[in-house]
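The values are calculated or read from the model by the stated rules, or taken from the named source; none is laboratory data. Everything numeric here is computed off the predicted structure, so don't read it as measured data. Backbone-built Cβ (ideal geometry, glycine too); neighbour counts: all protein chains shown.
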Amino acid sequence: MSESIELTKLGLHLPTDPRWVDLTKYSLEEILTDHAFCELKAASFCISLIQLYPDYDEIVQQVSPVVTEEWGHFRQVLAELKKRGYKLGFQRKDEYVAELIKFQKRGGTKNDRLLDLLLTCALIEARSCERFRLLSLHLDEEDLRKFYHGFMVSEAGHYRMFLNLAENYFNKDLVRIRWKEFLQHEADIMENLGPRGDRLH
């Protein structure tokens, strides 16, 4: 399947700069550390989402298994670091996610804020899926390619889940309009940040 078709399936407007994968080959310890913290933050956010919306049954039922899955992913990445004789480094500010959060609408009701939270999650999962796919195709080591293929499949499911939750709780036309706005903003973020081989995003 071509990368353009894959990008269309995820809805992303801007493909990852091809130089990104080449850069990651020279900073594997850093990319694995960044990946580990991304999984940890994903688990933490899912817990927060359940805490904020315990009365939204579909969120509780669908997101709670993802907490366990993301924590398991964190441990998988830790094991990969250890296997290679690497250390888990320190967490760095995630400028990509910070810029997405800035785009979320402020004020309004708790329900109003939920749409942007779900779409932010969907977008992070979509971009992660796209990047895991590139790693699964282009890294030199076969074991690492298989390692990242598994993460790609998982992130694709999470991306779809968050979009489905948005469509479950909100008018589909409203979701579609706001999703398009997020996608364009995300493309601008990606272009401004440029390829950074020591970061997942």
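Restricting the first member to segment 173-195 and to residues that are in contact (Cβ under 8 Å) with a residue 12 or more places away in the chain, and the second to residues that are among the polar types (S, T, N, Q), the beta-carbon pairs closer than 9 Å and six or more apart or on different chains are Phe182/Thr120; Met190/Thr16; Pro195/Thr16.
Just to be sure before I move on: is Glu99 assigned to a helix (DSSP H, G or I), in contact with a Gly (Cβ under 9 Å, 6 or more places away or on another chain) and not hydroxyl-bearing (Ser, Thr, Tyr) in the structure I sent? No: the conditions fail for Glu99.
Here are some residues: Leu115, Leu119. Which one is at pLDDT 95 or above, assigned to a helix (DSSP H, G or I), in contact with a Lys or Arg (Cβ under 8 Å, 6 or more places away or on another chain) and under 17 Å from Ala43 (Cα atoms)?
On the way: Leu115 fails: under 17 Å from Ala43 (Cα atoms).
So the residue among Leu115, Leu119 that is at pLDDT 95 or above, assigned to a helix (DSSP H, G or I), in contact with a Lys or Arg (Cβ under 8 Å, 6 or more places away or on another chain) and under 17 Å from Ala43 (Cα atoms) is Leu119.
Considering the conditions (1) surrounded by fewer than 16 Cβ atoms within 10 Å (Cβ to Cβ); (2) over 14 Å from Gly11 (Cα atoms); (3) of a type in the set (D, E, K, R), Arg133 is excluded by exactly one of them, (1). Of all residues in segment 99-119, those that are under 20 Å from Glu191 (Cα atoms) have Cβ atoms under 6 Å from Cβ atoms of residues that are of a type in the set (Asp, Glu) and modelled with pLDDT of 95 or more, 6 or more apart or on another chain, in Gln104/Asp116. Take Ile124 and decide whether it is surrounded by fewer than 16 Cβ atoms within 10 Å (Cβ to Cβ), at pLDDT 95 or above and in a helix (DSSP H, G or I). Here the answer is no, as Ile124 does not meet what is asked.
A quick yes/no check of all residues on (1) outside any helix (DSSP H, G or I); (2) at pLDDT 95 or above; (3) touching a Ser or Thr at 6+ places or on another chain (Cβ under 9 Å); (4) closer than 13 Å to Leu40 by Cβ:
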residue	(1), (2), (3), (4)
Asp55	yes, yes, no, no
Val60	no, yes, no, no
Val63	no, yes, no, no
Glu70	no, yes, yes, yes
His73	no, yes, yes, yes
Glu80	no, yes, no, no
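Looking across segment 169-199 at every residue that is of a type in the set (Lys, Arg) and not in a helix (DSSP H, G or I), the one that is surrounded by the most Cβ atoms within 10 Å (Cβ to Cβ) is identified as Arg199.
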